[in-house]
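Input: a single structure, listed below in structure tokens.
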Amino acid sequence: MDIIVENITKRFGSQKAVDNVSFRVNTGEIVGFLGPNGAGKSTTMRAITCFLSPNEGDIRIGDYSIHQHPEEIKRIIGYLPELNPLYQDMPVLDYLKFIAELHGIPKIKRIQRILKMVHTCGLEGEKHKKIGELSRGYKQRVGLAQALIHDPQVLILDEPTSGLDPNQIIEIRELIREIGREKTVILSSHILAEVEATCDRILIINKGRIVADGTSSDLRKRAQNKEILKLTIEEGERNVIYKTLQSMKNTDLVDIISQSGNTFELQSKPGTSSRRDIFRICVDQGWILTEMTPTETKLEDVFRLLTMN
Amino acid sequence: MVTIWIITKRELKSFFDSLLAYIMIIAFLVFTGLFTWMIGQTIFLVKQASLQSFFGVSYWALFIFIPALSMKLIAEERSSGTLELILTKPVSDAQLVMGKFLAVLILVLLSLALTLPYYITVASIGPIDHGATILGYLGLVLMSAAYISIGIFASSVTNNQIISFLLALFIGIFFHLIFDILARYFPGFIGNTLNYLSLSTHYESLTRGVIDSKDLIYFASLIVLGLFGAEMMIGRRNLTD
């Protein structure tokens, strides 16, 4: 089911937590919501899950609108809220049964679903314990299990891997990837590597506005459309090579990055490429080109660039 | 309806798991038992086969106990964040409030049911007015329902359980006592209005065996008002600016 967010604005007092945000998430897509703390990620997710209703705009999931059909939308969404609130005094199994009942899963299928979730989320050893006695990682799994129990079409996960150790993070990511094949998933995070590893598409939100939307490679390109090459050229005089590289027509900037060897970093002018020129120069001068590596902009740089101003 | 019952079941289970339910029931039975049979204006002193003294004690016991049961209902969900969890399941604000209301009501009904031996004992001692006794129980149930709904309202205002408890008592004491006292000082229309607002007026007429639609409307409106107020307070998250 597609999620279509249309111009939603949510105000808290005079402050706009979400300001005229629109985007679309297609079925089978995993979208990562990225942004600094307080950017409006959770507020947007709360609007999608019908916990907060936006002051303006509409959100549609399939044929349903959050204003007209909140009950239907709640039925098709699995939601893991931020900080993973749980009833601490309930045993894991009782808790999952409670959530399954609320979702109206028929009695015959209920036990089967609960056991499947216990298995999928690796809760076998803890299923009889009270939630309050579990470690943070296991609580997070219980949170995921409750979000997935009714096999939802749409999954909204607010910081799903916070508080987990690296092994658990990888497990949960794999789980999300697996689930994400048939379902529509939105997850938020402020860990860039996580979003890059899990998501097909990234939305960067800052101060309540969407500032970027695209795949991680799109975003990199968007932030810096200059070609940056790392070059190592042998059999030539360092300064001669430096001057020659600088004199090429597409060159913007050349840097010598090694102390002894002939390794350079070459930035081309925006929108141009110097690769062919470099090759020709090397051939003309009889130099040997041993390395030419395009340097990618880090997603961290993109993120900083988009959210700092 | 099913959703409400699921909420009620969970709430009841949590009352019993946390021992709160047992403590409340035992405290209620000890408290009412002492004052009905052993201390003060007991049945033996009054020398009438009537549960008037029990109804008098219960009137105060429930007034104090109910806020203690209801104080956590919404406040705890708010402070732990589970309010967001539950309201993003297919549950409406009203269903949540109703479910919680029912849970406390059932607990109170259970406590009252456990006092039936008092009734049976007194009935075996002498000729008891069955009508008045049944209406007295009805009065207790209605009064409890009214205080539970006030308690839920108080609980929905804050995320602090102590504040919720005190607020419930504060609102409750007006209906319980203050309106009644004030009514004596004001003549005419104001006095009548205050008298009508006082819960004790309606409760006492029921325990004397008189049933009037005026009393039923009074209790019903208090219950609806409290529950509606609680629902509004939960929905307040969407009423910014």
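The values are calculated or read from the model by the stated rules, or taken from the named source; none is laboratory data. The shown structure was predicted, so the numbers you read here are calculated from the model rather than taken from an experiment. No Cβ is skipped: glycine too gets one built from the backbone with ideal geometry, and neighbour counts run over all protein chains shown. Side chains included, ligands, DNA and RNA excluded: accessible areas come from the protein's heavy atoms. Shrake-Rupley method; radii C 1.70, N 1.55, O 1.52, S 1.80 Å.
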Taking only C-alpha positions in the range A:186-254, Rg and Dmax in angstrom work out to 18.9, 55
dims of the range A:74-153, Cα set, principal axes, largest to smallest, nearest Å -> 29, 26, 21
For the protein assembly as shown, the Cα-Cα pair-distance distribution in 20 Å bins from 0, as whole percents, is 18, 37, 25, 13, 5, 2, 0
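Hey, what's chain A come to in accessible area per residue, 1.4 Å probe, Å²?
Normalised by residue count, the accessible surface of chain A is 47 Å².
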If R0 = 60 Å, then A:LYS249 and B:SER79, at their Cβ-Cβ distance, give a FRET efficiency to the nearest 0.05 of 0.35
Two pseudo-spin positions, 7 Å from Cα along C-beta at A:ASP200 and at A:GLU265, lie apart in nanometres by 3.5 nm
Any aspartates and glutamates whose Cα falls less than 12 Å from that of A:LYS243, other than same-chain ones fewer than 8 residues away, would be A:ASP255
Listed by chain and number, the aspartates and glutamates with an alpha carbon less than 14 angstrom from that of A:LYS269, same-chain partners under 8 positions apart left out, are A:GLU227, A:ASP252, A:ASP277
Once accessible area is computed for A alone, B alone and the pair with a 1.4 Å probe, the total buried surface, to the nearest 100 Å², works out to 2600 Å²
Violations at 29 Å Cα threshold for listed pairs A:LYS129/A:LYS207; A:LYS74/A:LYS139; B:LYS89/B:LYS214; A:LYS16/A:LYS139; A:LYS107/A:LYS183; A:LYS139/B:LYS13 -> A:LYS129/A:LYS207; B:LYS89/B:LYS214; A:LYS16/A:LYS139
Whole-percent tail of the Cα-Cα distance distribution for the range A:221-309, cut at 17 Å, equals 49 percent
For the range A:88-97, Karplus-derived ³J(HN,Hα) couplings (6.51, -1.76, 1.60; θ = phi - 60°; whole Hz; x for glycine and proline) come out as 5, 8, 9, x, 3, 5, 4, 5, 5, 5
Reduced to Cα centres, the span from the range A:100-164 to the range A:248-306 in Å works out to 50 Å
Placing each pseudo-label 7 Å from Cα in the direction of the beta carbon, A:ASP58 and B:LEU225 end up separated by a distance in nanometres of 3.9 nm
Expected unfolding gain across B:ILE64-B:ASP17 under the 0.36 nm per residue rule, minus the alpha-carbon gap, is 14.8 nm
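Averaged per residue, what accessible surface does chain B expose to a 1.4 Å probe, in Å²? Each step should come with its number before you reach the end.
Values: 10720 Å² over 241 residues.
About 44 Å² of surface per residue is accessible.
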On the accessible surface of the protein assembly as shown, probed at 1.4 Å with all protein chains in place, carbon and sulfur together account for a percent value of 59 percent
Per DSSP, the loop-located GluC sites (Glu not before Pro) within the range A:126-223 having at most 12 other beta carbons within 10 Å are A:GLU182
Looking only at aspartates and glutamates whose Cα falls under 14 Å of A:LYS109's and that sit 8 or more positions away or on another chain, we get A:GLU101, A:ASP151
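What number, in nm² with one decimal, is the all-direction average of the projected area of the convex hull of the alpha-carbon atoms of the range B:39-160? Intermediate results must be reported in sequence, preceding the final value.
Values: hull surface 34.6 nm².
Mean shadow area of the hull around the Cα atoms is 8.6 nm².
Of the listed peptides A:112-123, A:231-242, B:119-130, what is their order by residue-averaged count of other C-beta atoms within 10 Å, with the highest listed first? Provide the component values of the computation, followed by the final result.
On the way: A:112-123: 18.2, A:231-242: 15.9, B:119-130: 13.7.
Top of the packing list down: A:112-123, A:231-242, B:119-130.
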Rounded to one decimal in nm, the spacing of the 7 Å Cα→Cβ label points at A:ILE4 and B:PHE186 is 5.7 nm
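Once you compute Rg and the Kirkwood Rh from C-alpha atoms, what is the Rg to Rh ratio for chain B?
On the way: Rg = 18.8 Å, Rh = 18.8 Å.
We get a ratio of 1.00 for chain B.
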Note to self: C-alpha centroids of the range B:85-107 and the range A:183-208 sit apart, in Å, by 34 Å
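Quote the relative contact order of chain A in percent (integer), defining contacts as alpha-carbon pairs under 8 Å separated by 6+ residues.
On the way: 567 pairs, mean separation 63.0, N = 309.
Across chain A, relative contact order equals 20 percent.
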Rounded to the nearest 10 degrees, the helix A:166-179 long axis (Cα) sits at an angle to the longest Cα principal axis of chain A of 80 degrees
